[in-house]
Amino acid sequence: MRARFAICAVLVASLALVGCAGAKKTDTIKIGWLGPQTGDSALWGQAELATLQMMSEDYNKAGGIEVNGKKYQLQIVPYDTKGDSTESVNVAKRLTSQDKVVAVVGPQGSGEAIPIAPIMNDAKIPAVATTATNPKVTVTESGSVNPYMFRACFLDPYQGKVAAYFAYTTLAKRNAAIFMTIDDPYSTGLAEYFKASFEKSGGKVVATESYTSGEKDFRSPLTKIKAAKPDVIFIPAYYNDVALIAKQARDLGIKVLLLGGDGWPSENVIDLAGGPGGALEGCLFVNHLDMQGDLAKPMRDEYKAKYNKNAELNSYMAHDALIMVIDAIQRAKSFDGVKIKAALEATDLDGVTGHIKIGPTHDPVGKTAWLIKIVGSEMKLQEKYAAVD
């Protein structure tokens with residue numbers, strides 16, 4: 001087991017460098033990043049890139065990343081996907097063919113990560129997705145593993161199961177409604193796993209409604225949900241939609257608990273929902289870490305000091321994705337994608353989101369899920385699960 005807690009740490013290893021003439025000429029390790037800098041998900045993408053740039057500066061100020069007694073400067077090569085799957089494919093092609101990166105961090109969304117798998121596989125360059133939780137990111141429809149796709153986060157089947165278990169067992173909810181984004185693989189997948197687990201526990205899904213990305217008026221489907229009289233509404237959506245859905249639900253007189261997944265956490269979600277005591281007061285969501293906890297504190301404090309704002313969930317996930325890549329490069333003793341991929345398959349280290357051990361499907365195994373409650377202006381830990389039945 002290897003620990004990788006501190007961003008500022010100088011990584012020391014006695015390793016032999018193999019391959020990558022470009023790295024020898026420039027003494028630079030080029031790692032790509034792709035994610036939204038513009039569009040609806042830009043806040044998370046901007047947080048990821050800001051984190052990687054902060055980490056790169058820290059490594060380089062400390063002398064670089066040491067490999068076989070020699071220091072190499074880290075260069076992040078970023079591209080804006082605009083949150084679009086087609087643009088994600090385009091920039092993945094540029095990173096692998098034009099920029100000749102040795103690995104890629106990102107993307108964050110399942111809808112962006114799933115279509116780049118063939119690009120990364122063909123180029124034999126590994127990518128480590130940050131918050132892309134759909135199983136199809138790393139495993140194809142036929143059940144085969146995408147050899148060059150990895151992730152730093154847990155999967156939708158697990159967080160759907162955790163949300164359902166918490167709703168049924170801890171909160172004693174028996175009648176759930178689901179409100180999902182019909183054209184988003186993240187949302188539909190998470191809804192599917194929540195429904196299966198909730199019904200398996202003995203609960204009943206009394207209504208399932210959906211909307212299309214970009215819609216802003218949710219009153220019609222919410223009125224149908226209200227008529228079904230659920231005692232909890234599961235909303236597997238992103239924070240900007242969640243805030244608007246919550247406000248419209250409360251305006252319609254829907255007072256039941258709202259429950260969600262890892263698309264909820266953002267520093268803006270409480271304000272967007274009406275501020276402390278607003279539409280999301282007392283609501284809960286599943287997250288990848290306790291962002292207010294001790295494990296996240298060193299990075300949280302550095303990010304705040306540097307950018308004068310709080311780190312987002314994606315900041316922490318990008319941190320762990322990058323240390324996975326750097327750790328693999330060191331153990332591979334090479335900048336060759338095939339060897340880095342093999343080293344990533346043996347990842348076993350600690351990050352700011354907890355322990356990361358990569359399993360046979362290129363996903364972390366045994367990661368803890370955290371139930372977070374919105375209380376006033378804070379997001380407070382309620383429960384944590386290392387496993388659920």
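Here, each number is a calculation from the coordinates, and none is a lab measurement. Given the structure is predicted, the values throughout are model-derived calculations rather than measurements. Cβ: placed from backbone, ideal geometry, glycine included. Neighbour counts: every protein chain shown.
Spin-label pair Asn90-Gln382: with each label point 7 Å from Cα along the Cα-Cβ axis, the two points sit 4.2 nm from one another. Take the alpha carbon gyration tensor of region 270-331, find the square roots of its eigenvalues, order them as a ≥ b ≥ c, and report rounded if a/c is under 1.5; if not, report prolate when a/b exceeds b/c, else oblate. Note, shape of region 270-331 comes out prolate.
How high is the FRET efficiency from Gln292 to Leu257, r the C-beta distance, R0 22 Å, rounded to 0.05? Write down the numbers at each step before the final one.
Working: r = 21 Å, r/R0 = 0.97.
Efficiency at R0 = 22 Å is approximately 0.55.
Cα-based Rg of region 87-218 per 2.2 N^0.38 Å, rounded to two decimals? Numbers along the way, then the final one.
Values: Rg = 17.3 Å, N = 132, 2.2 N^0.38 = 14.1 Å.
Region 87-218 yields a ratio of 1.23.
Specify whether the C-alpha gyration tensor of region 232-386 places it in the rounded, prolate or oblate class, a ≥ b ≥ c being the square roots of the eigenvalues: rounded for a/c under 1.5, otherwise prolate if a/b is larger than b/c and oblate if not. Since a/c reaches 1.5 and a/b is larger than b/c, the shape of region 232-386 is classed as prolate. Once the Cα atoms are used to define both axes, helix 219-228 deviates from the longest principal axis of the chain by about 60 degrees. log₁₀ I(q)/I(0) of the chain at q = 0.06, 0.08, 0.12 Å⁻¹, via Debye over equal Cα point scatterers, no solvent, to two decimals? Scattering profile of the chain, log10 relative to I(0): -0.22, -0.40, -0.87.
Taking amide H atoms as placed 1.01 Å from N in the peptide plane, the amide H of Ser334 lies under 5 Å from those of Val18, each 5 or more residues away in sequence or on another chain. Amide H contacts under 5 Å for Ala129: Gly106, Phe150, Arg151, Ala152, restricted to partners 5 or more places along the chain or on a different chain, H placed in the peptide plane at 1.01 Å from N.
With a cut-off of 19 Å, note down the residues of region 43-82 whose backbone N falls inside the zone around a label point 7 Å from the Cα of Gln98 toward its beta carbon. Within reach of a label on Gln98, which here means backbone N under 19 Å from a point 7 Å along Cα→Cβ, region 43-82 contributes 75-82. Label sites at Lys61 and Ala196, each approximated as a point 7 angstrom past Cα along Cα to Cβ, lie 4.7 nm apart. Rounded to the nearest 20 debye, the dipole size of region 222-277 about its Cα centre is 400 debye, using +1 on the Cβ of Lys and Arg and -1 on the Cβ of Asp and Glu. Taking Cα centre as origin and charging only the Cβ of basic (Lys, Arg, +1) and acidic (Asp, Glu, -1) residues, the dipole magnitude of region 28-186 rounds to 440 debye.
Take the alpha carbon gyration tensor of region 309-389, find the square roots of its eigenvalues, order them as a ≥ b ≥ c, and report rounded if a/c is under 1.5; if not, report prolate when a/b exceeds b/c, else oblate. Oblate, since a/c reaches 1.5 and b/c is not below a/b.
Cβ crowding within 10 Å, taken as a proxy for footprinting-reagent exposure, orders Arg219, Arg331 from fewest neighbours to most as Arg219, Arg331. How far, in degrees from 0 to 90, does helix 239-251 lean away from the longest principal axis of the Cα atoms of the chain, to the nearest 10? Here the helix axis deviates by roughly 10 degrees.
In terms of other Cβ atoms within 10 Å, Met55, Met299, Met149 run from fewest to most in the order Met55, Met299, Met149. Under the convention that each Lys and Arg Cβ holds +1 and each Asp and Glu Cβ holds -1, the size of the dipole of the chain around its Cα centre is about 480 debye. Distance from the C-alpha centroid of region 104-138 to that of region 220-273: 29 Å, rounded to the whole angstrom. On a 0 to 90° scale, report how tilted helix 110-123 is relative to the longest principal axis of the chain, with both axes built from alpha carbons and the result rounded to the nearest 10. Around 20 degrees separate the two axes.
Considering only DSSP beta bridges with both partners in the chain, what is the antiparallel share in %, to the nearest 5?
Values: 20 of 55 bridges.
That works out to approximately 35 percent antiparallel.
Exposure proxy shown here: for Ser315, Ser144, Ser266, the number of other Cβ atoms within 10 Å sets the order, fewest to most, as Ser144, Ser266, Ser315. Annotation for Thr212 and Asp301: the two label points, set 7 Å from Cα along the Cα-Cβ direction, are 5.0 nm apart. Less than 5 angstrom separates the built amide H of Thr347 from those of Ile358, all sequence-distant by 5 or more or on a different chain.
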